[in-house]
Amino acid sequence: MSSTSETGHAKNVANFQDLISYCSKLSKYYPTKKALSVANLTTQYGNATVNLTSLKDVERDCGNAVNARQQAFASLPTLSTRLINALADTDASKELIADAASINRKIQGKRAKPVKEKATPPEGGPTAAESKTISVAQLSYDYQLDHFEKLITLFSKEPSYKPAEPDLQLASLNTLFALMKSTNQAVINQQAAFQTAIISRNELLYKEDTGIVDTAASVKKAVRSIYGASSPEAKNINKIKFRGLPKKKSKKKKNEP
């Protein structure tokens, strides 16, 4: 039997399998509730296992999407400065160059304390602070896209802007912008998929009455009812431990005892 010292969602599912295995060997285990039958418990276990596997896949894809976006955006600050220098070497008006420089300053802008984006959202679901961090990081990418698009639009209006360097040409800039936009959207989509998978996981494992944690508690009650609370069967099945979904700690307000 699995060690009861481990914790976590996967451990709950593994212990649920232990519970099913134990019940299947009890000659008198015929619970009144159909939901507690070995067959239904096995189905419940299968659904939870599929979900945890899917959650890992989505989490991996989310991390890959974040990495791809970071790579797509990485060259933007340096590229933006090169673009301003290239524009200054054309017949562009002082006003147009000033507008472009203003956009570049926004692209170069940095927070006092840069926000590090996590590769994936918090696995148990984001806290308010973590959600804010993710939102700020996302907003930063949205702003960068907006600034870069404005810069490209500005350069496209200048007939004398015809740089020799391939990566500074408008066609290359539009290609890069398309890549940045698509990778940004991919992160948004993957983060949404990840949160959806977490909600599904929490329902399968922790939903009141029907989640495997509450179901396991009901199975233990059924065994105590059939064999007696002090029976070896009841004592053995009670050794199979389950943990509920950790509750988020709420910060105390000032002057609150």
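The values are calculated or read from the model by the stated rules, or taken from the named source; none is laboratory data. Keep in mind that this is a model prediction, so the values were computed, not measured. As a convention, Cβ positions derive from the backbone with ideal geometry for all residues, glycine included, and neighbour counts pool all protein chains shown. Surface accessibility is based on the protein's heavy atoms, side chains included, excluding ligands, DNA and RNA. Shrake-Rupley method; radii C 1.70, N 1.55, O 1.52, S 1.80 Å.
Return yes when A222 is aliphatic (A, V, I, L, M), in contact (Cβ under 8 Å) with a residue 60 or more places away in the chain and within 30 Å of S21 (Cβ to Cβ) and no when it is not.
The answer is yes for A222.
Go through the residues of the stretch 43-57 one by one and say whether even a single one is within 16 Å of T215 (Cβ to Cβ) and among the aromatic types (F, W, Y).
Looking through the stretch 43-57, at least one residue is within 16 Å of T215 (Cβ to Cβ) and among the aromatic types (F, W, Y).
Is there a residue in the stretch 66-87 that is in contact (Cβ under 8 Å) with a residue 60 or more places away in the chain and over 30 Å from T183 (Cα atoms)?
Looking for residues that are in contact (Cβ under 8 Å) with a residue 60 or more places away in the chain and over 30 Å from T183 (Cα atoms), one finds none in the stretch 66-87, hence no.
On the given criteria, is I97 free of Cβ contacts under 8 Å to residues at least 24 places away in the same chain, surrounded by 14 or more Cβ atoms within 10 Å (Cβ to Cβ) and in a helix (DSSP H, G or I)?
For I97, the condition - free of Cβ contacts under 8 Å to residues at least 24 places away in the same chain, surrounded by 14 or more Cβ atoms within 10 Å (Cβ to Cβ) and in a helix (DSSP H, G or I) - is met.
Residues being open to solvent by 60 Å² or more (accessible area, probe 1.4 Å) and within 13 Å of the chain's Cα centre (by Cα): count how many of those fall in the stretch 189-209.
Of the residues in the stretch 189-209, 3 are open to solvent by 60 Å² or more (accessible area, probe 1.4 Å) and within 13 Å of the chain's Cα centre (by Cα).
Those residues that are open to solvent by 60 Å² or more (accessible area, probe 1.4 Å) and more than 24 Å from the chain's Cα centre (by Cα), I need them from the stretch 43-58; list them, please. Outline the logic, then answer.
Our first condition is that a residue be open to solvent by 60 Å² or more (accessible area, probe 1.4 Å); within the stretch 43-58, this holds for 43, 47, 50, 53, 56-57.
Within the stretch 43-58, T43 is the sole residue that qualifies.
Sort out which residues of the stretch 22-42 are among the hydroxyl-bearing types (S, T, Y) and open to solvent by 50 Å² or more (accessible area, probe 1.4 Å), and write them in order of number.
S24, S27, Y30, T32, T42, listed by residue number.
May I ask you to list the residues in the stretch 146-179 that are farther than 24 Å from V66 by Cα, polar (S, T, N, Q) and in contact with a helix residue (DSSP H, G or I) (Cβ under 7 Å, 6 or more places away or on another chain)?
If the condition is that a residue be farther than 24 Å from V66 by Cα, polar (S, T, N, Q) and in contact with a helix residue (DSSP H, G or I) (Cβ under 7 Å, 6 or more places away or on another chain), then S156 is the only one that fits.
From Q44, Q71, Q138, grab the single residue that is at pLDDT below 95 and either in contact with a Lys or Arg (Cβ under 7 Å, 6 or more places away or on another chain) or assigned to a helix (DSSP H, G or I) (or both).
Q138
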